[in-house]
Amino acid sequence: MASHDPGVGPDLLDGSGEVRADERFDEAKLDAYLRSNVAGLEGPMVVRQFHGGHANLTYDVRFGGRELVLRRPPLGPVAPKSHDMRREYRALRALAPLFPYSPRPVVLCEDEDVIGAVFFVMERSRGLVVRHSWPEALGDDPALRRRMAESLVDALADLHMVDTERPEVAALGRPDGFVERQVKGWHGRWERARTRDIPLMDRLADWLGARIPEPERVSVLHNDYKLDNAMFALDDPGRLVAIFDWDMTSLGDPLIDLGTLLGYWSEATDEVPRGTGGAVTTLPGFPTRAEVAARYGARTGVDLTHLPWFETFALFKTAVVLEQIYVRFVKGQTRDERFRALGDFVPQLAAAAEVCAGGLS
């Protein structure tokens, strides 16, 4: 386990562990590449793996006192345009000077011979990540939960106010027709990844395609904005320090991101559960989805009339993502046992999307 501050339990940290057997690579090749392309690396290289994510593979790479983070796509075939390390690296290069919560990239390696895939390396951030359950070490603190949520919402609003006419930012995507392409693209991914028939998924795709809202403005989109892609300060857990997983960054309607955040945001009164595990946002102190939306709207001035459509799309998209991960396990492309249960959440998320869509009225 990675070292941590006294009094802070390892369950709070983005701690690294041993590299899983089927996700190892030739460390000698990586060592040689990094020493040739990153200045100031001293001492032996030590590689560990972060085990928290379900898709891209992320490693802790240490040289003496310096820590780097390596990100690469998952093993086996991946959906077109997904898990794009080039896109993530370009996004971080463009945003690092403009958005304080984007990690600083170091180098992009497009030579797949080094570790078997395109990868990039960034500087490591230190902090805590809240995933499916509230860490006991933080105590039962509703006020802290409220501050965490508000800092997360405020950061999203600030991201959406980044100037998209700057050349390096404008190059991150094609906003015209973005939402329509998303609906068609994710329906196509469902067709390619599906392991069984779930008719509701097709009805959702048709409902979404027939009601695509006109965009109000263009913003930088993270495209997977959620609580467990955020890191908070060890000395002040209500303060946001970093946002991760920028491999789907693009430009488009900012409600795509707000809908995504709400799609993951469970409430105690939900009749159909959301997410893939514990519902930490149901705990006292976390705001409701309506309160999250209201705070975002007040900070940005964005019209929220069509927000239910975007929330429905987010739930549909997450269901497709889980099916894409699950099919890799079914086909034996990964032996990670965590993926075995993901298939069960796909119809559940489709049902939650149906509720959000008003029963597909």
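The values are calculated or read from the model by the stated rules, or taken from the named source; none is laboratory data. Quick caveat: nothing in here was measured; it's all calculated off a predicted structure. Virtual Cβ from ideal backbone geometry, glycine too; neighbours counted across all protein chains shown.
Key figures for this structure:
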item: Those residues of segment 292-323 which are more than 22 Å from the chain's Cα centre (by Cα) and of a type in the set (Asp, Glu), in sequence order; result: Asp303
item: Residue, modelled with the highest pLDDT, within segment 311-344, restricted to residues that are of a type in the set (Gly, Ala, Ser) and over 27 Å from Ala293 (Cβ atoms); result: Gly343
item: Enumerated strands (runs of 3 or more DSSP E) restricted to segment 17-131, each holding at least 1 residues that are more than 16 Å from the chain's Cα centre (by Cα) and surrounded by fewer than 18 Cβ atoms within 10 Å (Cβ to Cβ); result: 45-50, 66-72, 105-109, 119-123
item: Failed criterion for Met231 (all others in (1) without any contact (Cβ under 8 Å) to a residue 60 or more places away in the chain; (2) in a strand (DSSP E or B) hold); result: (1)
item: Any hit, segment 246-265, residues being part of a loop (DSSP other than H, G, I, E, B) and over 19 Å from Lys317 (Cα atoms); result: no
item: Meets criteria (of a type in the set (Lys, Arg), at pLDDT 95 or above, in the same structural domain as His222 (by TED's automatic domain parsing) and touching a helix residue (DSSP H, G or I) at 6+ places or on another chain (Cβ under 9 Å)) for Arg299; result: yes
item: Filtered residue count, segment 301-353, keeping only those that are of a type in the set (Val, Ile, Thr), closer than 16 Å to Val179 by Cβ and out of contact with any strand residue (DSSP E or B) (no Cβ under 9 Å at 6 or more places or on another chain); result: 3
item: Index of the failed condition, Arg194 passing every other in (1) assigned by TED's automatic domain parsing to the domain that holds Leu258; (2) at pLDDT 95 or above; (3) surrounded by 15 or more Cβ atoms within 10 Å (Cβ to Cβ); result: (2)
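A quick yes/no check of all residues on (1) in a helix (DSSP H, G or I); (2) closer than 17 Å to Ala352 by Cα; (3) among the basic types (Lys, Arg):
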residue	(1), (2), (3)
Asp270	no, yes, no
Thr281	yes, yes, no
Pro284	no, no, no
Pro287	no, no, no
Ala298	yes, no, no
